[in-house]
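Inspection log for the structure reproduced underneath, given as C-alpha cells.
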Amino acid sequence: MFRAALIALFLAALPASAQAEEERPLARYRLDQLQQTVGLQEDQARTVVERWTRYDRDQFDRTRQIQALRRRFNDILIGPGTEEEKNAKVRPLLDQFVDLRRQQMELKLKFEDDIRARLSPAQQVRLIMQVEEMQRRVVEALRQGFGDRPGLRSGGRRGFR
C-alpha cells in the first residue's frame, strides 16, 4: 500500500503537460523495462503501462482517503470523551476504513487479472518477477530523493503499518 502511495505521489508530481506515456519518467521507465525484461512488444507494454498508471491513481486515491480516516481516528481517540462516546464516533469511520482497504485489495486483483489476460504464461511469469524489482527501484529512487528523513524506516515505510 505504501509503495502504491509513493508511486502515485511521484505520478502526481509529474508535469501536467506530459501527455504521452514516453514523456513521463515513470511510465517511460516501465515501458522500457517491460519491453526489455519481460519481452513485450511496444503496443503490449504500452497497454500494460496505461493500465498500471490507472491502478496507481486508483490506489493513491484510496490511500489518501485511508490516511484522512487515520487522522480522524487519532483526533477522536486522543480527544475528549468517554470510551463509549469515542466508540460511537469511531464505529462508522471504521466501517469506511475496512471498506477502503477491501477496495484496495480488489483493485489489485482486478489490475493483475487485466494484465494477465493480455500476456502469455511465460510473459506473466516474467512480469510477476519484474514488477517487484521495478517497484523496489522506484521506492529506492524516491527515498534517495527525500534523503534521510526522520521516520523513514527500512522498507520505505513510515510510522505504523
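The values are calculated or read from the model by the stated rules, or taken from the named source; none is laboratory data. On a predicted model such as this, the values are computed, not experimentally measured, just so you know. Cβ coordinates were reconstructed from backbone atoms using ideal geometry, including for glycine residues, and neighbour counts include every protein chain displayed. Areas reflect the complete protein model, heavy atoms only, side chains present, ligands, DNA and RNA absent. Shrake-Rupley method; radii C 1.70, N 1.55, O 1.52, S 1.80 Å.
Taken over the stretch 33-48, residues that are over 12 Å from residue 118 (Cβ atoms) and either open to solvent by 50 Å² or more (accessible area, probe 1.4 Å) or among the aliphatic types (A, V, I, L, M) (or both) amount to 4. Of the residues making up the stretch 104-140, those that are of a type outside the set (D, E, K, R) and either under 12 Å from residue 55 (Cα atoms) or open to solvent by 60 Å² or more (accessible area, probe 1.4 Å) (or both) are 104, 105, 107, 109, 111, 115, 117, 121, 125, 128, 129.
Every residue, every condition in (1) hydrophobic (A, V, I, L, M, F, W, C); (2) at pLDDT 95 or above, yes or no:
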| residue | (1), (2) |
| --- | --- |
| 87 | no, yes |
| 94 | yes, yes |
| 109 | yes, no |
| 130 | no, no |
| 155 | no, no |
| 161 | no, no |
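Being within 30 Å of residue 48 (Cα to Cα) and either open to solvent by 90 Å² or more (accessible area, probe 1.4 Å) or in a helix (DSSP H, G or I) (or both) is a description that applies to residue 144. I need a count of the residues in the stretch 102-128 that are closer than 16 Å to residue 38 by Cα and assigned to a helix (DSSP H, G or I). Within the stretch 102-128, residues that are closer than 16 Å to residue 38 by Cα and assigned to a helix (DSSP H, G or I) number 11.
Among the residues here, residue 99 qualifies as under 19 Å from the mean Cα position of the chain (by Cα), part of a helix (DSSP H, G or I) and exposed (fewer than 13 other Cβ atoms within 10 Å of the Cβ). Output the residue which, of all residues in the stretch 69-85 that are touching a helix residue (DSSP H, G or I) at 6+ places or on another chain (Cβ under 9 Å) and of a type in the set (A, V, I, L, M), is least open to solvent (accessible area, probe 1.4 Å). Filtering the stretch 69-85 for residues that are touching a helix residue (DSSP H, G or I) at 6+ places or on another chain (Cβ under 9 Å) and of a type in the set (A, V, I, L, M), the one least open to solvent (accessible area, probe 1.4 Å) comes out as 69. Just one of (1) open to solvent by less than 70 Å² (accessible area, probe 1.4 Å); (2) assigned to a helix (DSSP H, G or I); (3) out of contact with any strand residue (DSSP E or B) (no Cβ under 7 Å at 6 or more places or on another chain); (4) within 30 Å of residue 26 (Cα to Cα) fails for residue 88. It is (4). Among the numbered conditions (1) under 19 Å from residue 134 (Cα atoms); (2) of a type outside the set (A, V, I, L, M); (3) open to solvent by 80 Å² or more (accessible area, probe 1.4 Å), the only one that residue 51 does not meet is (3).
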